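J.: Structure in structure tokens, see below.
Readers should treat all values here as calculations from the given coordinates under stated rules, not as data from a laboratory. Values in this document were obtained by computation on a predicted structure and should not be read as measured data. Ideal geometry is used to build each Cβ from the backbone, glycine not excepted, and the neighbour counts take in all protein chains shown.
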Amino acid sequence: MKTPAEYYQRDRDRHPPAYAPSYKTSVARSPRYALISLQQSTSEITGPVFGHNDLGALDHDLIKNYAQTGDPVGERIIVHGRVLDENARPVPNTLVEVWQANAGGRYRHKKDTYLAPIDPNFGGCGRTMTDENGYYFFRTVKPGAYPWRNMVNNWRPAHIHLSVFGASFCQRLVTQLYFEGDPLIPLCPIVQTIPDADAIGALTAKLDLNATIPLDTIAYKFDIVLRGRRSTLFENRLEGN
Amino acid sequence: MQRLNYLRETPSQTAGPYVHIGLAPGAAGFDIYEHELGWDIAGPNAEGERIRIEGRVIDGTGNPVKDVLLEAWQANAHGKYPHPEGGGEVEDGFRGWGRVITDFDTGEWGFDTIKPGPVPARAPLASMRPTAEEEQKDAFGRGHQGLRAMAPHINLWIVARGINIGLNTRLYFSDEEEANATDPVINLIEWESRRKTLIAQRGERYGQVVYRFDIHIQGENETVFFDI
């Protein structure tokens, strides 16, 4: 039996710190002690496996998956890209889930009371699996910006929330996709919890004219990178093997 | 100079206040998917002791976090994960993964599962194979990670508004005192007083086994969180 290889340690400087006072909610919701670093065991290098049986036929199509009387209002977009690891290898057959506000900036959530109306034809969530090459896509409408209570005049840039699993529990990631050219990106306290501009760039989807459907739907490209895994250069063996 | 051509991990962002419609729409009262994921951590065919786990997530002010989402990842009763590298065959109907949100009014969460078995520890590095004495404890009173089986545990991942990157912790069981005492991960925690933050307390209600596990994000009893 080969010793399963571990994943590269997470580069915490790439991520927002838990405590980011300009995003006020993080103040009481951030641990004060240092995280305890674990060498990975089976518990960390394994993770849930999903199959196409878990999904419905329209789950990746937010334009159709909640349509009642017609299509939702808004700019029709395709978001597509690949899920890769830090070794630039595709992450195949992994679950990608998305959720977002409608074109007016309103979520279909009972806690959202923003005055922009609910769209009767838009649910605002979807999910898909990457293919053998790590490729994924979904269709939706571009979400609107909306105000939120932090300072009195903070606005979220248009964004789509993404959840990705990878092959192991230590690759689990939740993030947000922003859109190229949005002037709210540099003003948003949540975006700015990320300390480095290059990392913010990695969350900014680029207009991809080649992937648009002419006269129909505009496209944005968004690649996602999960933690990479070591190659076992000098093998260690389990006791007794 | 040559370049290392690694990509860099996509940065995390908070799951935000509306994570429920994205990841648990059915539980949030929003009927969109035929099959919601994460409700079937251990189906009827799963072997082992049936248990329930309940708790709250408490913030630094001492109040429950009412918009949190937790995911659980656990081995089956024989210590195997349903994954190609999970240690062996797992019975049909055991999924090992679950997802739960809190009651929006009380902040209480709970899920039904089976109690996992002990899981093999990581393999010790050949160059660092410890002596029998080192196996007991290192200079700081901590154990090594690569020695004994890990006590039964459930891996938890917690996201919410205000949590900028998911928090990882582990839930251990109060009735596994002996296994917990030698667990390589619990023993890695230098401060013995903090180890108890990982132990769920066993109780019973109407004949059902219920473990209580409150997670303190911050404050006097801050739960131990791991960088995995």
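J.: Considering the range A:28-50 alone, what residues qualify as being more than 7 Å from every other protein chain (Cβ to nearest Cβ) and touching a residue at least 24 places away in the same chain (Cβ under 8 Å)?
T.: Hit for the range A:28-50 is A:Phe50, nothing else.
J.: Yes or no: A:Ser43 surrounded by 19 or more Cβ atoms within 10 Å (Cβ to Cβ), under 23 Å from B:Gly79 (Cα atoms) and of a type outside the set (A, V, I, L, M, F, W, C)?
T.: Taking the combined requirement at face value, the residue satisfies it.
J.: Mind listing whichever residues of the range B:29-76 are touching a residue at least 12 places away in the same chain (Cβ under 8 Å), farther than 28 Å from B:Asn221 by Cβ and at the interface with chain A (Cβ under 7 Å from one of its Cβ atoms)?
T.: B:Leu37
J.: Here's a follow-up. With more than 29 Å from A:Gly56 (Cβ to Cβ), more than 10 Å from chain B (Cβ to nearest Cβ) and not small (Gly, Ala, Ser) as the only criterion, which of A:Glu180, A:Glu86 stands out?
T.: Among A:Glu180, A:Glu86, only A:Glu180 is more than 29 Å from A:Gly56 (Cβ to Cβ), more than 10 Å from chain B (Cβ to nearest Cβ) and not small (Gly, Ala, Ser).
J.: Any residue in the range B:174-194 that is within 12 Å of chain A (Cβ to nearest Cβ), closer than 13 Å to B:Ile215 by Cα, β-branched (Val, Ile, Thr) and under 14 Å from the mean Cα position of the chain (by Cα)?
T.: No, because not a single residue in the range B:174-194 is within 12 Å of chain A (Cβ to nearest Cβ), closer than 13 Å to B:Ile215 by Cα, β-branched (Val, Ile, Thr) and under 14 Å from the mean Cα position of the chain (by Cα).
J.: Under the condition of being buried (at least 18 other Cβ atoms within 10 Å of the Cβ) and of a type in the set (A, V, I, L, M, F, W, C), which residue from the range A:1-27 is farthest from B:Val185 (Cα to Cα)?
T.: Selected residue: A:Ala20.
J.: Could you grab me the full set of residues in the range B:82-98 that are at the interface with another protein chain (Cβ under 8 Å from one of its Cβ atoms) and either within 22 Å of B:Asp175 (Cα to Cα) or not in a loop (DSSP other than H, G, I, E, B) (or both)?
T.: Correct list: B:Gly96, B:Trp97.
J.: Now for a separate question. Just checking, does the range A:103-115 include any residue being at the interface with chain B (Cβ under 7 Å from one of its Cβ atoms), of a type in the set (Asp, Glu) and within 21 Å of B:Ala28 (Cβ to Cβ)?
T.: Yes, that holds for at least one residue.
J.: Of the residues A:Leu177, A:Leu203, which single one is more than 29 Å from B:Asp31 (Cα to Cα), in contact with a Leu (Cβ under 9 Å, 6 or more places away or on another chain) and buried (at least 18 other Cβ atoms within 10 Å of the Cβ)?
T.: A:Leu203
J.: Among the residues of the range B:193-228, which ones are outside any strand (DSSP E or B), without any contact (Cβ under 8 Å) to a residue 12 or more places away in the chain and among the charged types (D, E, K, R)?
T.: Once the filter is applied, which keeps residues that are outside any strand (DSSP E or B), without any contact (Cβ under 8 Å) to a residue 12 or more places away in the chain and among the charged types (D, E, K, R), the range B:193-228 yields B:Lys196, B:Glu220.
J.: Could you tell me which numbered condition A:Ile78 fails, if it satisfies all but one of (1) within 11 Å of another protein chain (Cβ to nearest Cβ); (2) more than 28 Å from B:Ile158 (Cβ to Cβ); (3) of a type in the set (A, V, I, L, M, F, W, C)?
T.: A:Ile78 satisfies all of (1) within 11 Å of another protein chain (Cβ to nearest Cβ); (2) more than 28 Å from B:Ile158 (Cβ to Cβ); (3) of a type in the set (A, V, I, L, M, F, W, C) except (1).
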